[in-house]
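Visitor: Before I ask anything, let me first share the structure, which is written out below as structure tokens.
The values are calculated or read from the model by the stated rules, or taken from the named source; none is laboratory data. Just so it is clear, the structure is predicted and the values come from calculations on it, not from any experiment. With ideal geometry, Cβ positions are generated from the backbone for all residues, glycine too; neighbour counts draw on all protein chains shown.
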Amino acid sequence: MPYVFKKQIFGFMDLLRFKKMVPKRRRKLAEGSAAPLPETYRVNETAKILHPGFQRAVLVSVKEETADTKTFTFQTERPFYFRAGQYATLGCGVEKSVLSRPYSISSAPEDALKRKVSFTVKKAGFFSGYLFDEAKEGDVFTLGDPSGDFCYEPLKDAKHVVALAGGSGITPFYSMAQAIADGTEDFRLTIFYGANTEKDIIFRSELDKLASEKIRVIYVLSDEEKEGFEHGFIGAELIQKYVSGDFTVMMCGPQAMYAYADGQLAAFSLPLRRVKKEANCVGVRDVKPQTFTLTVHIGFETFSVPADARETVLTAMERAGLRVPAKCRAGGCGFCHSKLVSGKFSLAGADKRRLADAKFGYIHPCCSYPDSDMELIVPKA
Ligand code: FES
């Protein structure tokens, strides 16, 4: 049976308007300027200045903090806008490899406006070891844009942040403390800072100088008992001794500290959103040595590179000197996201890919270990 249209007054008006639409558009087009559209807009130019992607950074000072920790300060080409708690990727060529690694920024956001940014690095792993032993003033590095969301969020977080820092995990909190002291950030910060011994404490005098109504540091030594320090590990009882009321927990340190802290924090029944953890870079896995071959397509080029089963796919590509995108190296940012054409892999920890990525065969090379020869399409860095 044919469809019967109901004629209504408003429907009729719509038809009239529709009839006029084509001539109206033609008239507008005829009246428009024939000048081509600008290729770029001011807002895009400003965004490029603020976030260039990568910039050149010259190492201007190296300061020894403890026996195995140094602070590296860089002069950047442009002001480096970041939020206290964020990280940035530092990179350079070492022999035939192109290396990069994310580090939490330890300096204040205010310093970055004067084109200075610092990273406090513990000697561990290949790139950090290179920085520690080889890097000298005047050396040139590439510096990626600031990234990460390990920051204070006034809309989501409590006004009081309880920071759990382990070893060099103090770096983002030191940046936050400086930002609170200079008025860039506005929240209360209580830092429980765990170190093995007093000698291992980084920024001791700087943190003590920053102490105020808003900033408090409790030093916790695991291997020493000394007056003026707490002893043991950062547990529920210790937190209860110094903290009451509503708070957000932020933690940065080794994976073992997170596992312990998770158990201890159960006593506070905090909602999930009130506990934030800084992600750790994926390291080597403990399997027997075995070498696979990666076939890597980047743009119109194809490379064949060896991949050690103990190291991630990203590390294999970097060792071979390929310039590939990477930021967090922990599966969180999605920057290294690559299409898997064939091959098997194992994930380091939880699968942090979006559901669609997993479904359509995308992987994060930064947290995937090769279990066979693999073929990948990798975006250009
Ligand atoms: S580098 Fe961030 S997900 Fe791989």
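Visitor: In the list 273, 285, which residue meets the criterion of being among the charged types (D, E, K, R), assigned to a loop (DSSP other than H, G, I, E, B) and more than 20 Å from residue 217 (Cα to Cα)?
Guide: Result of the check over 273, 285: 285.
Visitor: Of the residues 174, 81, 130, which is surrounded by 23 or more Cβ atoms within 10 Å (Cβ to Cβ), of a type outside the set (Asp, Glu) and either part of a helix (DSSP H, G or I) or within 19 Å of the chain's Cα centre (by Cα) (or both)?
Guide: 174
Visitor: What residue, of 241, 199, is of a type in the set (Lys, Arg), assigned to a helix (DSSP H, G or I), under 20 Å from residue 262 (Cα atoms) and out of contact with any His (no Cβ under 9 Å at 6 or more places or on another chain)?
Guide: On inspection, the qualifying residue turns out to be 241.
Visitor: Is it the case that residue 211 is within 30 Å of residue 312 (Cβ to Cβ), surrounded by 11 or more Cβ atoms within 10 Å (Cβ to Cβ) and modelled with pLDDT of 95 or more?
Guide: no
Condition check ((1) surrounded by fewer than 17 Cβ atoms within 10 Å (Cβ to Cβ); (2) more than 25 Å from the chain's Cα centre (by Cα); (3) touching a residue at least 40 places away in the same chain (Cβ under 8 Å)) across all residues:
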{"site": "144", "(1), (2), (3)": "no, no, yes"}
{"site": "169", "(1), (2), (3)": "no, no, yes"}
{"site": "193", "(1), (2), (3)": "no, no, no"}
{"site": "207", "(1), (2), (3)": "no, no, no"}
{"site": "218", "(1), (2), (3)": "no, yes, no"}
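Visitor: Right, here's the next one. Looking at (1) surrounded by fewer than 14 Cβ atoms within 10 Å (Cβ to Cβ); (2) in contact with an Asp or Glu (Cβ under 8 Å, 6 or more places away or on another chain), which one does residue 286 not meet, given that it meets all the others?
Guide: (2)
Yes or no, residue by residue, for (1) crowded, with 17+ Cβ neighbours inside 10 Å; (2) within 9 Å of the ligand (Cβ to nearest atom); (3) among the hydroxyl-bearing types (Ser, Thr, Tyr):
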residue	(1), (2), (3)
322	yes, no, no
331	yes, yes, no
336	yes, yes, no
348	yes, no, no
371	no, no, no
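Visitor: Of the residues 245, 235, which is surrounded by fewer than 19 Cβ atoms within 10 Å (Cβ to Cβ), on the phi > 0 side of the Ramachandran plot and outside the structural domain of residue 110 (by TED's automatic domain parsing)?
Guide: Result of the check over 245, 235: 245.
Visitor: Output the residue which, of all residues in segment 350-369 that are part of a helix (DSSP H, G or I) and either within 20 Å of residue 89 (Cα to Cα) or in contact (Cβ under 8 Å) with a residue 60 or more places away in the chain (or both), is nearest to the ligand (Cβ to nearest atom).
Guide: Per the criteria, the residue is 366.
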